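The block underneath contains the structure these notes are about, expressed in structure tokens.
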Amino acid sequence: MSAITAACAIAILIPLGDIIYQAALLGGPTLSFSVLTAGLPQPCSVPVNGVPCAVGGIGPALQGTGILVGLAALVSVPIGLAAAIFAVEYRGRFLGTAISFTADVLTGVPSVIAGVFIYAYFVIYDPALVFSVITGTLALSVIMIPIVTRTCEEALRTVPHAVREAALALGIPKWRTTLQIVVVSALPAILTGILLSVMRAAGEAAPLLFTAFGSRLGFEGFNNPIEALPLLIYNFAESASNNWIHLAWAAALILIILILITNILSRLTIARMVRRMRGE
Amino acid sequence: MDPTTPSSPIRAPRHRGRGWTDLVFFGLVAFAGLFVIFLIFAIAAILITQSHLAFSTYGFGFLVGTRWNISPTEQVYGAVPFIADTLITSAIALVIGFPLALGSALFLTTQAPRWLRGPLGTVIELLAAIPSVVYGFWGLIFLGPYMRTTVEPALHRYLGWTGGFNGNETGTDVLTAGVILAIMVIPTISAISRETLAAVPVAQKEAALSLGATDWEVTRTAMLPYARSGVFGATILGLGRALGETMAVTMTIGNHDALPTSFFSQGQTISSLIANELTNSAGPLQYSAIIYAGLILLAISIAVNVVARLLLWRVLRVSRGSVE
């Protein structure tokens, strides 16, 4: 039996290994500092008149992803953290459970639906802004809010009850106990949870198809479309131009590296924090 | 306690303004909490209002309409091709993914050497963190051609008689999309199954061992029945992920608006339909029909997730022995 189960475990590692291997093989050689900053090139597969294909870069996509997830974090972190505080610190109320449950269900709602939601809303109420940084930010926020809520909840739950009771017994008001003692104690876990949800949003393409939309240029104001790494991968992957496909692999490699690093770091942080809270 | 001291109930010292600041704080966090609940209703409300035109045109007949034709002369929209492809690709994902996920979860909880369990579990969970567009890219460039040249001819040769493995072997079809989905749901199912298997009480396993059960018998008689509803919940959660997955499917399924005739048919799931046609719909009726399809997807994914979460909450809560 153990041979079969071990084979299962090995089998599911093959795709992961191959994805990382191919991204490193095909994106690695393209990757350089100038690729990170340069603009998107004209499509090109073979040298024309002896002029080799421009390598170009993914600058606008990297910049766009940074802007979109940064703004989405500004929107979703306060809401998600506050909702988590309500669910954990005011527990015992039916609403707290309802919020955790709704957040769990929301994380299971397909990300493409978040894009449809924001797109349809702006088609009705503000059609001029349908493809813009604003809608892209809101679509990513819809995805991030439930994730931030759940990860912050888990983080707040690692703080022992005795800490709250000690603070309240000293006469510190509930809001200060919560913000300055409970939240601060859980801060490493909260920050890693936020980082994880940011990285999740950074990899989302589906909700951006109808919101941020993509642009060959860099940031041109909040009312205009903007490029993003996952959008670039989607659009360039299906192109027939070699230099575009290479850039798509470079973009994929960057996303994979960022995501693996943040995931591993956050696991280590959370594990250390749980140990500390248990007093080990 | 000394009975002579006057009994004074312990009271927190008063602070100026404590009452109203606490109240404001409570109001703010309660507002945010309610906003999370409001969000899911807002999403449903927008989709319902925007699908109104299609709903008033087709009613529930949309759910049994088998044709999707956007030509202006004969516009007709039915959701069956997309519902069918959504269900078929998710079914393929579970058929392939579930055994591998459960096997790996069992390996990690019962058989792997202890030093391997943590790192290997982490690596499997990392699979879930890779963006779906990267899976789609890999599926388009590597998995698709491999399916076309190797897997699909073999399936056709040995299983062609079933009728399900005929037609052009293109590698961008329902089967390839299903395989990509399998790869993507495995980490979800495996990680949560592992959690529920690890939550089986030690006494339960020791009882089986004391009766002389072998390792495999312990797993089969003491662990799997106990963890069954948790593993089931994990699988449903994986199903939810497969049903709504967009980018990886859009890049590997071939995007064809018609009923599939075999596993080698090019198809379109509800989510890939939305990704491909929402922003360039030919008119208000098509736009509304796409949103209607999105509403169906929303309803399915909410139902699936509610079931999965109820199962998992119960299992994991009971095992933690607390009312968290």
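Could you check which residue among B:LEU209, B:LEU127, B:LEU143 shows the biggest mean-square fluctuation in a GNM of chain B with a 10 Å Cα cutoff?
B:LEU209
At q = 0.17, 0.19 Å⁻¹, what base-10 log of I(q)/I(0) does the Debye formula yield for the stretch A:1-68 when every alpha carbon is treated as an equal point scatterer in vacuo?
So the normalised log intensities work out to -0.79, -0.88.
Could you tell me the distance between the Cα centroids of the stretch B:229-278 and the stretch A:83-160, to the nearest Å?
The stretch B:229-278 and the stretch A:83-160 have Cα centres separated by 23 Å.
Across the residues of B:136-148, average count of Cβ atoms on other protein chains within 10 Å? Before the final figure, lay out the partial values.
Working: counts 6, 15, 9, 3, 3, 6, 4, 3, 0, 0, 0, 0, 0.
Mean number of neighbouring Cβ atoms from other chains: 4.
Whenever you get a sec, line up A:SER2, B:SER272 from highest to lowest accessible area (probe 1.4 Å, protein heavy atoms).
On the way: A:SER2 60, B:SER272 0 Å².
Output order, biggest surface exposure first: A:SER2, B:SER272.
Per residue of the stretch B:235-246, in order, report the coupling 6.51 cos²θ - 1.76 cosθ + 1.60 (Karplus, θ = phi - 60°) as ³J(HN,Hα) in whole Hz, putting x for Gly and Pro.
Result, ordered by residue: 5, 5, 4, x, 4, x, 5, 5, 4, x, 4, 10 Hz.
How large are Rg and Dmax for the stretch A:132-202 when calculated on the C-alpha trace, in angstrom?
Taking only Cα atoms of the stretch A:132-202, I get Rg and Dmax of 15.2, 50 Å.
How high is the relative contact order of chain B, in percent, counting Cα pairs under 8 Å that sit 6 or more residues apart?
Relative contact order comes out at 26 percent.
Starting from the residue with the highest accessible area, list A:HIS161, B:HIS52 in decreasing order, probe 1.4 Å.
Values: A:HIS161 95, B:HIS52 120 Å².
Ranked list, largest accessible area first: B:HIS52, A:HIS161.
State, as an integer percentage, the relative contact order of chain A based on alpha-carbon contacts under 8 Å between residues 6 or more apart.
Values: 405 pairs, mean separation 76.2, N = 280.
Dividing the mean separation by the residue count of chain A yields 27 percent.
When the convex hull of the Cα atoms of chain A is projected onto a plane and the area is averaged over all directions, what value comes out in nm²?
The directionally averaged projection comes out at 20.3 nm².
Work out the length of the dipole vector of the stretch A:125-273 about its Cα centre, built from +1 on the beta-carbon of each Lys and Arg and -1 on the beta-carbon of each Asp and Glu, and round it to the nearest 20 debye. Write down the numbers at each step before the final one.
On the way: 9 positive and 8 negative charges, 130 e Å.
With only Lys, Arg, Asp and Glu charged at Cβ, the dipole is about 620 debye.
Nearest 20 debye, what's the magnitude of the dipole of the protein assembly as shown about its Cα centre given +1 on Lys and Arg Cβ and -1 on Asp and Glu Cβ? Spell out each step's value before the answer.
Working: 32 positive and 28 negative charges, 415 e Å.
Using only the charged Cβ atoms, the result is roughly 2000 debye.
Note down the accessible area of A:CYS53, probe 1.4 Å, to the nearest 10 Å².
Answer for A:CYS53: close to 40 Å² accessible.
Where is the GNM fluctuation largest for chain B (alpha-carbon springs, 10 angstrom cutoff): B:ALA84, B:ALA203, B:ALA54?
B:ALA203
Which sequence of B:ASP215, B:ASP22 reflects their accessible areas, 1.4 Å probe, from the largest down?
Values: B:ASP215 120, B:ASP22 30 Å².
Ranking B:ASP215, B:ASP22 by accessible area, largest first, yields B:ASP215, B:ASP22.
Going by a 4.7 Å Cβ-Cβ cut-off, which cysteines of chain A have no partner at all?
Result for chain A is A:CYS8, A:CYS152, no neighbouring Cys Cβ within the cutoff.
Which is farthest toward the positive dipole end of the protein assembly as shown among B:TRP138, A:ILE194, A:GLY70, measuring Cα position about the Cα centre, with Cβ charges +1 (Lys, Arg) and -1 (Asp, Glu)?
The listed residue farthest towards the positive side: A:ILE194.
With a 10 Å cut-off between alpha carbons and a GNM built on chain B, which of B:PHE107, B:PHE31, B:PHE232 moves the most?
Of B:PHE107, B:PHE31, B:PHE232, the most mobile in the Gaussian network model is B:PHE31.
Using only the Cα atoms, what convex hull volume per residue in Å³ does the stretch B:189-324 have?
For the stretch B:189-324, the hull spanned by Cα atoms encloses 140 Å³ per residue.
Pick out, from A:PHE213, A:THR151, A:ALA167, the residue whose Cα sits farthest towards the positive end of the charge dipole of chain A, with +1 on the Cβ of Lys and Arg and -1 on the Cβ of Asp and Glu.
A:ALA167
The values are calculated or read from the model by the stated rules, or taken from the named source; none is laboratory data. Remember, it's a predicted structure, so these values are computed and weren't measured experimentally. So basically every Cβ, Gly included, is an ideal-geometry build from the backbone, and we count neighbours across all protein chains shown. When the accessible area is computed, the model is the full protein with side chains, heavy atoms only, and any ligands, DNA or RNA have been set aside. Shrake-Rupley method; radii C 1.70, N 1.55, O 1.52, S 1.80 Å.
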